[in-house]
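Everything on this sheet refers to the single structure shown next.
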Amino acid sequence: MKHLLAYIITATMALLLPESVAAFTTDHYAAGSVLAQGRWVKIKVPRSGLYRISPAMLKSLGFTAPSRVRIHGYGGRRISDVLSTANYVDDLPATYSELTDKGIVFYAHGPGEWTEVSRGRYHYVQNIYTTDGYYFITEAPEDSEAPAAEPTGTPGKEPSAATYFTERVHHEQELTLAADHGPALVGEDFRFKNRHDITFRTPGAIKGEEAWVECSFISTLYKPGKLLISANGKELANPTLPQVKPPHGNQSETISRNTFAISEESPETTVVSLSLSTQGTPARANLNYLSLNYRRKLEIPASGYLEFTGAASAYCLANASADTRIWEISNDGIKKVNCETGNNEACWTMPSAASKHYAAWTPAADLPSPEVCGNVYNQDLHSLESHDMLIVAPAAYRQAAEKIAAIHRNEDKPMTVAIVEPEKIYNEFSSGSPDVSGIRRFLKMLYDRGEAGMGNPLRYVLLFGRTSIDTRGITPDAPTYPVIPSWMPAAVRASLSDVEGFCTDDITAMLSDGSGADLYRDKLSVTIARIPATSAEEAGSIADKIAQYAAGTRKTAWKQRFLFLADDGDKGEHLDQTEKMISKFQYAERQQHLVKKVYIDAFELVGNETPAAREAMHRYLDEGVVWWNFIGHAHSTGWTSEGILTYSDINTMYLRHWPFIYAATCDFLRLDGARQSGAELLFKVRHGGAIGIIAAVRPVYISSNAMFSNAIGRALAMRDDQGLLLRPGDIYRIAKNDIRDKNDKPCADDNRLRYSFIGDPAMRLATPSNIARIESINGIPVGGNEQITIAALEKAGIKGSVTSPDGTVLENFNGTLLVEIFDAERTFTTLGHHKDGTKDPFEDYGERIYCGSAKVVGGRFEFTAAMPAEISQNFRPATMSLFAYASDSDDEAAGLCRDFYVYGYDENAAPDTNPPAIDSFVLNHSSFRSGDTVNDSPMLIAAISDDTGINVSTAGIGRQMTALLDNKTSLDNLSFYYTPSADGSPAGVINYPLENLEAGAHTLSLRIWDTAGNPANAYIEFFVNPAEKPKIYDVYTDANPASTQANFYLSHDRPDAMINVEISVYDLLGRPLWSKSANGRSDMFLSMPVSWDLTDNSGSRVPRGIYLYRARISTDGQNYETGSRKIAVTAP
């Protein structure tokens, strides 16, 4: 992470809504696209200029009436970032053309344009999104009028008329990326051939006249070097190339501008020679481009066609005739120049001496033809009203996009969702070019219509596809999958710097009038996110994962847990930022999240690793967290120098509960690289990983990260106008629009643009918005004036309720409440790792001292919590976390209570000499018997109970849940793996994974305690065989008969194991029809579901009938196959 110098405030509800701003009037947009009717053909051109469509070409395209053929579009120049009515072109305007005997002549704008770099000096700039300019041909109705060209100029010859102009020629080969930071491509390689001669044709050049050449050269030199530039054999310059220090040197651009004299011997040919002089082999040495300007006589050449730019008020064009046409070319269209012809010249004057571009031609001119792309089917995005959500998805990903759309169309408050192919957007909003601004213009139309009441206000945009720095697909490593581009800076310098070169989707979501002029301050009008799928199969897998998450997972307290991970070093800056971020929401009203902290600097450093921190992080992830926060150092495939998260972890993180990740770190979400980033891989793990990620696509700054993290923290404290917790997409947008400096003042920030969101922007986190609240403890109202204290060994009577966000008790809520009580808050101090480490204090919860459950009836609950003898006796607030789920609906609730203390000792506690009971003690499955053979990573499963309470505290020495393996290895963290019974009784189950046991005989003893200090013991023997095959007890489907989809499950004896399940479907003759495998983590004794969409391997739906299916399970290198079962398929 790069380094730069670097309180709670109530957010207004205005932040919760999409940015409301003045909009274009809705009549600025056509009610329907011209593409909605008629027959259309798409054509393209590689460069700007006049083109001719011949009669033969028209006939081959099926157009029989040339006089009625119309050309629509505006070519391939990059669209301005500024949203302004002055530069906004809507739909596909007709362009002026002229029908001649040889065909239709029109002017086309290619994928680039000449830019003036100094007075009268120009260089050429390519569009980074397209290699061509696109237009559309149609045949108009008989009565329609052709587009007219406005006249300009006054015929006549002036003595001061210009007879020369500055001609511009350009050389640029786009062969390979200049760097992996941006879209700039470079040409000739000078590393192994140090001299290249570039020959320019310079027709009409005048002998001895001054010419100007601009050279852009890209290099990474570790030794001193120079570039020798000459023209026609005469040295012009030898600029020194920057030298960098290995191994982290960046590429540099050297620009040299020089003048020289046109050759006396052969003025119509100019050779520019470039020679590299350096020691050793450079890491990079490429010509970017050469732009050449020279003075040329204003004369139509033998080809009959001339383009020129001039700023004179009068012109005389030589070699012209009465047939000569002169067009003034501008962004607003074509104007026909009125001129006086005679004496083999055409002369005219203009109203002013402004710079204008002209094309002069004759009907017999030698003009190129455009290339045909193909027919365009009728479409009409302009007729759309605004929707709550827009999904931009390639046709190949349509089915996956529909799955995500269905999630939101079926919400309690249904959304309207539109799915649109990017190519259709380009056709109507960027003249066919795959320019990201075309998508932005489409969003602008929908957004303005929504603000005007024409449909629902647009809130969420999902781009279903990956981006790339090579969106044009030029290089050998260009993606072969569908790409939806991101905004990228066009400057070459940006492509050479990891700091300046980046991709962002934020600008696409900046839709207010005039936005784009100040990108560091402009606000997001809608939430935008991306699913970086690279195939239809991958898209479907991601959609299935999101649908599974949205449908709800196991109802446990994981849904209210947040995990905050902070890196060490940097003078404690990462920890400090994490603490400040937590402070923005932790004590907010209706806050329900239980924050788990893993601060790396608080754990012992062993070599260059912190194994205890890594173990704690992975344990919390295994238990489940809804939000996983990281602030610190990273690279594209891992976190921290200690390897807290590795590439191997990312690819094998099969979690039962999938967190949403916010990572304030460098590079972890490098969306546009040739290789997929760690964040993408983590997001795409089908049965694990993350459900969504906010992270940076490039290096980011520590100080600026703090501003964004604080903004995220403030948004986490908010709820919407219905009291619901914010969707991650809203958190992201609000935070981007709420950047504040250290004085809490709004400020400009470019760092935020480097953060992107992958996932479904309209998805809600698993945390319920309903609230479980404690009303009284031992009869004392919570939140009143009387202090509440619970003593050691006390049996505290606790009452509460389940309410809606507005505090109304949910009287129809009947179910189960899960409760955890944590001892008094404690102060911890970090260890100060590394040279730049500091010892910093921070607060955290105490040990867990109670874990139980209770019944909720009519929205109310009460229970007794038995306190253990071992408490910290620290008179600071304790914490109680609550999670409730209904038994007859999907309703859930969560809450926290900090308005009490755990302190003192209950002198009146009744004696308790009854020990707890170990009701069962097995490995892997209830069928286990002492002495049985198991695999080498079995699970300890123990059902335990007591008449008062199980001691789950880890604070008491000698009174913890422990297991002893082979009478020598003590396992003392069993209480972390204890789950209370759901019936409210003081009982529960321990599910503890044993890992990598040696083959052979083993013993295992278990000791537990109750809260009064009474122990219980159990003992088993077992034999480990690493080759022990898994046992399948059943394979079944949740739909039989099945009409739309069937999910297959296996029950087995590999609880919590990493397994591969393959389901195969056959017809009754035993012929294979379909198969699918899934890797993941088993949910105790059940596999993750394997879904069949009732199609065969070719994608065709199978007919109605009876089919056979069977399963194969693989784990620990062992395989097992089931017998066949039958499934019926009915009509959908």
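Go through region 199-237 and name the trypsin sites (Lys or Arg not before Pro) that are in a DSSP coil and have 15 or fewer other Cβ atoms within 10 Å of their Cβ. Display every interim value, and only then the final one.
Working: sites: 201, 207, 226, 234; in loops: 207.
When the trypsin sites (Lys or Arg not before Pro) of region 199-237 are filtered for loop state and at most 15 Cβ neighbours within 10 Å, 207 remain.
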Taking a label point 7 Å from the Cα of residue 140 along Cα-to-Cβ, the residues of region 60-76 whose backbone nitrogen sits under 14 Å from it are 65-73
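Compute the Cα gyration tensor for region 164-297, then decide on rounded, prolate or oblate, letting a ≥ b ≥ c be the square roots of its eigenvalues: rounded whenever a/c is under 1.5, prolate when a/b is larger than b/c in the other cases, and oblate in all that remain.
Working: a/c = 2.64, a/b = 1.97, b/c = 1.34.
Since a/c reaches 1.5 and a/b is larger than b/c, the shape of region 164-297 is classed as prolate.
So what is the calculated 222 nm ellipticity per residue for the chain, using -39500 (n - 2.57) for each DSSP H run with n of 4 or more, over all residues, to the nearest 500 deg cm²/dmol?
For the chain, the value works out to -3000 deg cm²/dmol.
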Of the residues 427, 464, 324, the Cα lying farthest along the dipole of the chain towards its positive end, which is defined by charges on the beta carbon of Lys, Arg, Asp and Glu, belongs to 324
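Taking a ≥ b ≥ c as the square roots of the Cα gyration tensor eigenvalues, with a/c under 1.5 meaning rounded and otherwise prolate when a/b beats b/c, else oblate, which class fits region 730-856? Could the numbers behind the result be given before it?
On the way: a/c = 2.36, a/b = 1.39, b/c = 1.70.
Cα axes put region 730-856 in the oblate bin.
What net charge is computed for the residues neighbouring residue 294, neighbours being all others with C-beta under 12 Å from the C-beta of residue 294, Lys and Arg scored +1, Asp and Glu -1? Let's see the in-between values first.
Values: positive: 121, 168, 201, 207, 295, 296, 297; negative: 167, 209, 210, 268.
After counting each charged neighbour, the total is +3.
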Note on the chain, DSSP bridge orientation, antiparallel percent to nearest 5 equals 85 percent
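Please give the net charge around residue 534, taking every other residue with its beta carbon less than 10 angstrom from that of residue 534, where Lys and Arg add +1 and Asp and Glu add -1.
Numbers: positive: 466, 684; negative: 537, 538, 680.
Summing Lys/Arg as +1 and Asp/Glu as -1 gives -1.
Counting alpha carbon pairs within less than 8 Å and at least 6 residues apart, what relative contact order, in whole percent, applies to region 477-616? Walk me through the numbers on the way to the answer.
Details: 111 pairs, mean separation 20.1, N = 140.
Computed over region 477-616, the figure is 14 percent.
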For residue 660, other-chain or 5+-apart residues with amide H closer than 5 Å (H placed, Pro excluded) are 627, 628, 691
For region 1001-1015, Karplus-derived ³J(HN,Hα) couplings (6.51, -1.76, 1.60; θ = phi - 60°; whole Hz; x for glycine and proline) come out as 7, 9, 10, 8, 10, 10, 10, 10, 9, 9, 5, 8, x, 8, x
Non-local residues with an amide H under 5 Å from the amide H of residue 164, with H modelled 1.01 Å from N and Pro and chain starts lacking one, are 298
Extension length gain for residue 330 and residue 369 (0.36 nm per residue less Cα distance), in nm, is 11.9 nm
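Could you work out the relative contact order of region 977-1117? I mean the mean sequence separation of Cα pairs under 8 Å and 6+ apart, divided by the number of residues, in percent. Kindly include the intermediate steps, with their values, before the conclusion.
Working: 251 pairs, mean separation 26.7, N = 141.
With pairs under 8 Å counted, the relative contact order is 19 percent.
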In nm, the gap between the two label points placed 7 Å beyond Cα toward Cβ at residue 266 and residue 223 is 3.4 nm
Residues meeting the amide H criterion for residue 685 (H placed from the backbone, H to H distance under 5 Å, 5 or more places apart or on another chain) are 690
Note on region 917-1024: C-alpha Rg/Rh, Kirkwood Rh, two decimals, gives 0.96
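Provide the gained length on full extension for the span residue 1029 to residue 780, in nm with one decimal, where the gain is 0.36 nm per separating residue minus the Cα-Cα distance. Present the calculation step by step, with values, prior to reporting the outcome.
Values: separation 249, 0.36 × 249 = 89.64 nm, distance 5.68 nm.
Result: 84.0 nm gained on full extension.
Considering only the other residues whose Cβ falls under 9 Å of the Cβ of residue 546, what net charge follows from Lys and Arg at +1 and Asp and Glu at -1?
0
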Whole-percent tail of the Cα-Cα distance distribution for the chain, cut at 47 Å, equals 43 percent
Any trypsin sites (Lys or Arg not before Pro) in region 665-742 that lie in a DSSP loop and have at most 13 other Cβ atoms within 10 Å would be 675, 742
Loop-resident trypsin sites (Lys or Arg not before Pro) in region 92-141 with no more than 13 other Cβ atoms inside 10 Å, DSSP not H/G/I/E/B, are 119
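All of the numbers you see were taken from the coordinates with simple rules; none came from a lab. Given the structure is predicted, the values throughout are model-derived calculations rather than measurements. Neighbour counts run over all protein chains shown; Cβ positions are idealised from the backbone, glycine included.
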